[in-house]
Structure formats: structure tokens, C-alpha cells
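Here is the structure we will look at.
The values are calculated or read from the model by the stated rules, or taken from the named source; none is laboratory data. The structure presented is a predicted model; accordingly, all values stated were derived computationally and were not measured. Please note: Cβ atoms are built from the backbone with ideal geometry, for glycine as well, and neighbour counts cover all protein chains shown. In case anyone asks, the SASA skips ligands and DNA or RNA and just uses the protein heavy atoms, side chains included. Shrake-Rupley method; radii C 1.70, N 1.55, O 1.52, S 1.80 Å.
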Amino acid sequence: MKEPAKRIKKAVIWTVLLLLLTVGVFAWLLRGTDLAGLGAVLARARPHWLAAGACLVLGSLGCQAVNLRMLLRRCGQRISLWNSMRAVFIGFYFSGITPSASGGQPAQVWQLTRAGVAPGASAGALLLMQIAYQAVMIALGAAGLLLCGGALAGLHGETALLLYGFTAASVVLALLSAALFSGAWLRRVGKGLIGLLGRWRLVRDPDALCVRLERQMEQFDACAALLRRCRPLAARLLFVTLVQQLCLFSVPVTVYCALGLTGQPLWRLAAAQALLSIAVDTLPLPGAVGASESAFMAIQGLFFGPLALPAMLLSRGLSFYGAMALSALVTAIPQPCAARRLT
């Protein structure tokens, strides 16, 4: 079976599993619910506020595309804004259908390679974006904990989930930073894995694969060195990532307004969403389905009260399920392979 066919088959399998998991989760969440009453609440939601929430989600994805294009261009790789945006959508889709978002970055590297970007440069740029993402997530999560600490006093099981989220994010940030500042360490790990696969006869030519790895690592090192020596670039990367996350964390604010609720400081809803995100971000579930919905009901339910369920449906519908549907459409658009040869 050819490589593209294998990718399509795996994507279909993971998508079906995600759909089955989603159906099971919502069947559990909606058990015993007055569906007519729930539908009436959803129908009364103000559409202009929901449209604002959708714009925030698109703005968050757009910030990722801006960062990706900025880093690749500074690494000497020419790429259009459309191809950057396409890579972001593809990454979002494959992150959503695979556990711990493990399929997102490999799919992005593959798509960027077809767009004419050197694999080492794209891997380096995506690593830098992931480091910035983890750093901003930890910072905003800590801010959310300070801002919402008193309101969260009644939580029980979610406290352990928050502790796990902060710990896992810190470990991931440390490992990614080690990869950034120690290319030699990354080379040793890569060559060790290739050697292991060679002994298991899972790769035909380990030596040739090591040569390709070295070529890609040269591009990776150049991209990482660029960030280390160019502080303004690092500052822009962190700033755009901050805007990206603030857009996403503000989606519950638009849902709160769409449902006509008042009385809660809007900043507290965004702060609670930051906590929710860091709690479920590293869980080994496709799209954190199940955990995200349950955590929303527990954490944001403190502010939405009896409308927590419709608020969860609207918020997750905008920030995940709607974005997944759009990402699936973009992923399905055929892309011709770039003509020039990559090194």
C-alpha cells in the first residue's frame, strides 16, 4: 500500500473512533436531560455573539498560521499564507483525532514538505511554536489559578486533574527546550531509534536514513539557532501565541453573552477556560473528548449555573467540533506536490 493510502486509512480509522467516542460521551452527558428544554435554550442564543465566538476560533488558528509563516520565512523557506493556514488546519484535524494530539505535527511536516518546505525547517519551526505554546499555557494557567482560586474551592477530582496538567505541561516544556538547546542530544535519540528499527528490520537502509536525518537536523539547527540569537523574533512568537490562546479562552465569554447571562466578571470566564485547557491538554484522549466536556461542566459550571450544559455544547461546538469540521474540509482539498527537490 502506498504511503498516502496508508495515511488516509489511518485518518479514517481515527476519525471513526473519535465519532464513536463523541457519541458515547454525549449520550452519557444528555441522559435524563429535557431535550426540548435544552433545544429551546440553544435556539434563544444570540447569533451575533456566537458569530463572534467563531471569529475568535478562526483568529486563534490564524495566529498559528502567522507564527508558522514567520518562522519558516526567517529560516529561508518560502511559503504562502494559504499553505501556512492549510498546515494549521491539517495539524488541528490530526491532533483532534489522535491521542495526546500525537498525529498533528507529523501531518503538518508532511503537508509542508509537499508545499516545498524542507522537513528539517518545518520540524524546527513547529518545535519552536510548541515551546511557545507550552510556555504561554503554563503562564495563563497560573494566572487563571490566581484569578479563580477562591471560586474553585468547591472542586474535588478536578484539583488532581489540574495538578496533573501543570506537571505534564512543565515536563513537556522542559523536554522540548532540551531538544531546542541540544541538537546533539536530538541527533543521538534519532540515530538510536533508526538503529533499533534497523535491527528489527523495520527499515531497509538505516545508513541512508541516518544521512537524511543529518540533513534535516542541519535545517532544524539553523531554525533553532535563529530563535536563540534573535530575541525580537522570540518576543513576537510569544506575543502572537499569547493572542492565539486569549482568543480561544475568550470563546466561553461570547457564549455567556449569547445566553443572555450577567453577573459574572467576563475575565473570570476566560481565566477558568485557561485552567480547563491546561487540565485536559495532555490527556491521552483524541481531542480530549469526554474530559473536556466533563471539566467544562465542573469548572465553568460554577459560573454558568443551570445553563452549564447548553454553554458546554455551544463552547465546545465552536472551539472544537466546528473547527474540526472546517479542518476536515480543508484537509480533504487535494494539494499538488511541489516541483522542486528538497534536501
Estimated distance in nm for a label pair at Lys10 and Phe26, the labels positioned 7 Å out from Cα along Cα-to-Cβ: 2.8 nm
Could I have the simple spin-label model distance between Leu261 and Cys230, label points 7 Å from Cα toward Cβ, reported in nm to one decimal? 4.3 nm
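Kindly point out which whole DSSP H helices in the chain project their C-alpha atoms 18 angstrom or further along the helix axis while averaging a Kyte-Doolittle hydropathy of -1.0 or above. Write down the numbers at each step before the final one.
Numbers: long enough: 3-29 (39 Å, 1.18); 47-74 (40 Å, 0.75); 81-97 (24 Å, 0.97); 119-148 (42 Å, 1.61); 157-181 (36 Å, 1.71); 183-199 (24 Å, 0.32); 206-229 (33 Å, -0.18); 231-249 (27 Å, 1.29); 266-280 (22 Å, 1.55).
Both cut-offs are met by 3-29, 47-74, 81-97, 119-148, 157-181, 183-199, 206-229, 231-249, 266-280.
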Could you state the accessible area per residue of the chain in Å², with a 1.4 Å probe and every protein chain left in place? 49 Å²
Leaving out ligands, DNA and RNA but keeping every protein chain, what accessible area does Asp221 have, in Å² rounded to the nearest 10, with a 1.4 Å probe? 50 Å²
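How many percent of the accessible area of the stretch 1-150 is carbon or sulfur, using a 1.4 Å probe? All intermediate terms of the calculation are to be shown ahead of the outcome.
On the way: 4970 of 7160 Å².
Solvent-exposed carbon and sulfur of the stretch 1-150 make up 69 percent of the total.
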Taking the full set of protein chains and a 1.4 angstrom probe, give the accessible area of Tyr321 in square angstrom, rounded to the nearest 10. 60 Å²
Report the residue, chosen from Leu147, Leu72, Leu61, that carries the largest GNM mean-square fluctuation when the chain is represented by alpha-carbon nodes joined by springs under 10 Å. Leu147
Between beta-carbons, use under 12 Å as the cut-off and find the net charge around Ile194, counting Lys and Arg +1, Asp and Glu -1. +3
As a test of the formula, what do you get for the chain when each DSSP H run with n ≥ 4 contributes -39,500 (n - 2.57) and the sum is divided by the residue count, at 222 nm and rounded to the nearest 500 deg cm²/dmol? -25500 deg cm²/dmol
Most mobile listed residue (Leu275, Leu307, Leu112) in the chain, GNM with C-alpha springs under 10 Å: Leu307
Fluctuation leader among Phe320, Phe239, Phe249 - the chain, Gaussian network, Cα springs under 10 angstrom: Phe239
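Order Ile333, Ile79 by their accessible area, 1.4 angstrom probe, all chains in place, largest first.
Working: Ile333 75, Ile79 15 Å².
Highest to lowest solvent-accessible surface, that is Ile333, Ile79.
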If I compute solvent accessible area with a 1.4 Å probe over the protein chains, what percent of it on the stretch 267-325 is carbon and sulfur? 70 percent
